[in-house]
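Note sheet for the following structure.
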Amino acid sequence: MAFDSLTEKLQNVFKNLRSKGRLTEEDVKAALKEVKMALLEADVNFKVVKGFIKDVQERAIGQDVMNGLNPGQMVIKIVNEELVSLMGAETTEIQLQPGSAATVIMMAGLQGAGKTTTTAKLAGKFKLKGKKPLLVACDVYRPAAIKQLQINGEKQGVEVFSMGDKVKPADIARAAMEHGAKNGNNIIILDTAGRLHIDEDMMTELQEIKEAVTVHQTILVVDAMTGQDAVNVAGSFHEKIGIDGVIVTKLDGDTRGGAALSIKAVTGRPILYVGMGEKLSDLEQFYPDRMASRILG
Ligand code: GDP
């Protein structure tokens, strides 16, 4: 499960704090040093860790905490609150267009991040909310990706729009708008092509799609298991094409949690959902407070 090793380390630090009646400034500093190490080992971005520890320390060494009835517990509470704030404080919903207007969502991400799977998972969520999504196969470089989207779309009972692999993604997106309008689709999700690494062609292609059609939400899919790479990828995508939110996949297999903890602080963009497994139902809305409780164990 995600965060296992981080949780274990933090629990040890906190057990120590709780066992002490009164706390000295040195006690708090020593405990926070251990929290810092645990976060760095969890692959949380270095700058994020520094800022986090500074914020917690400023609050924890205040008179109210040190002279309080249960200072250890207070420090833990502060760590919890700062973790929630680090991850964006509130749950962020995907912004939909008002009324019956269709919302166009472009999914982006590197190959293997889980983009195609997540696209289908997301369509299922919208369907449950009574929407009529259309999935659009814009990944024309991997014929397997089109097939995969079709199979997953069928499983979700959602229509997939494809023009094969000989048409340019921007033209497919344009045609999909017409199709969606005729068909009464109120959510149109574009599954775009990834590459193994950030590259100019991929960014250009995404820009071309954005020029061809009005994209209301650009959602980046990153793999939690890649840790700080996922954070750097998010930074690059945001700089080049502008993203509205991030979906972090494979959190089920990530024992460290660094990506989930750093993305909001580094990119300024919130995590919307997290992928918790390979099944199409394994997508959970992201609640910073629940995630913080999960981390603290
Ligand atoms: P794409 O290249 O970005 O479109 O990636 P795919 O959607 O093809 O996914 C790559 C692999 O990751 C597939 O085997 C998926 O089943 C798997 N995958 C996607 N999301 C998750 C997740 O949240 N948890 C786990 N364990 N596997 C996932």
Positive-end extreme of charge dipole, the chain - chosen from Ile241, Gln148, Val75 (charges on Cβ): Val75
In nm, spacing of pseudo-spin labels at Arg294 and Ser281 (7 Å Cα→C-beta vector): 1.7 nm
For the chain, calculated [θ]222 nm from helices alone, where every DSSP H run of n ≥ 4 adds -39500 (n - 2.57): -17000 deg cm²/dmol
Relative contact order [Cα under 8 Å, 6+ residues apart], region 122-191, whole percent: 45 percent
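Rounded to the nearest 20 debye, what is the charge dipole size of region 1-110 about its Cα centre when +1 sits on each Lys and Arg Cβ and -1 on each Asp and Glu Cβ?
320 debye
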Inter-part distance where region 1-32 and region 167-196 are each reduced to a Cα centre, Å: 50 Å
Aspartates and glutamates whose Cα lies under 15 Å from that of Lys29, excluding same-chain neighbours fewer than 8 positions away: Asp55, Glu58
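List the GluC sites (Glu not before Pro) in region 64-163 that DSSP assigns to loop (not H, G, I, E or B) and whose Cβ has at most 12 other Cβ atoms within 10 Å. Which are they? Show your work: numbers first, answer last.
On the way: sites: Glu81, Glu82, Glu90, Glu93, Glu154, Glu159; in loops: Glu90, Glu93.
In loop regions of region 64-163 (DSSP not H, G, I, E or B), the sparsely surrounded GluC sites (Glu not before Pro) are Glu90, Glu93.
Pairs of Cα atoms under 8 Å, at least six residues apart: use those to get the relative contact order of the chain, whole percent.
Value for the chain: 26 percent.
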Point-charge dipole on Cβ atoms (K/R +1, D/E -1) for the chain, about Cα centre, debye to 20: 560 debye
Three-way shape label, the chain, alpha-carbon gyration tensor, a/c 1.5: prolate
Carbon + sulfur, % of accessible area of the chain - ligands and nucleic acids excluded, 1.4 Å: 49 percent
Distance violations [Cα-Cα > 26 Å] among Lys15/Lys279; Lys47/Lys125; Lys36/Lys125; Lys127/Lys279; Lys54/Lys264: Lys15/Lys279; Lys47/Lys125; Lys36/Lys125
Gain on full stretching of the segment that runs from Glu211 to Glu8 - 0.36 nm per residue minus C-alpha separation: 68.3 nm
Exposure rank, largest accessible area first [Thr204, Thr267; 1.4 Å]: Thr204, Thr267
Accessible surface, per residue, of region 191-265 when the full set of protein chains is kept, probe 1.4 Å, Å²: 36 Å²
Between region 63-96 and region 116-165, the alpha-carbon center distance in angstrom: 39 Å
Given charges at beta-carbon only (K, R positive; D, E negative), |dipole| of region 94-201 in Debye: 480 debye
Residue (of Met202, Gly21, Thr119) at the positive-pole extreme of the chain, dipole from beta-carbon charges: Gly21
Computed E for Lys33/Asp252 - FRET, C-beta separation, R0 22 angstrom, nearest 0.05: 0.10
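The values are calculated or read from the model by the stated rules, or taken from the named source; none is laboratory data. These numbers come from a predicted model, not from an experiment. A quick note on method: Cβ atoms are made from the backbone with ideal geometry, for glycine too, and the neighbour counts reach across all protein chains shown. Surface accessibility is based on the protein's heavy atoms, side chains included, excluding ligands, DNA and RNA. Shrake-Rupley method; radii C 1.70, N 1.55, O 1.52, S 1.80 Å.
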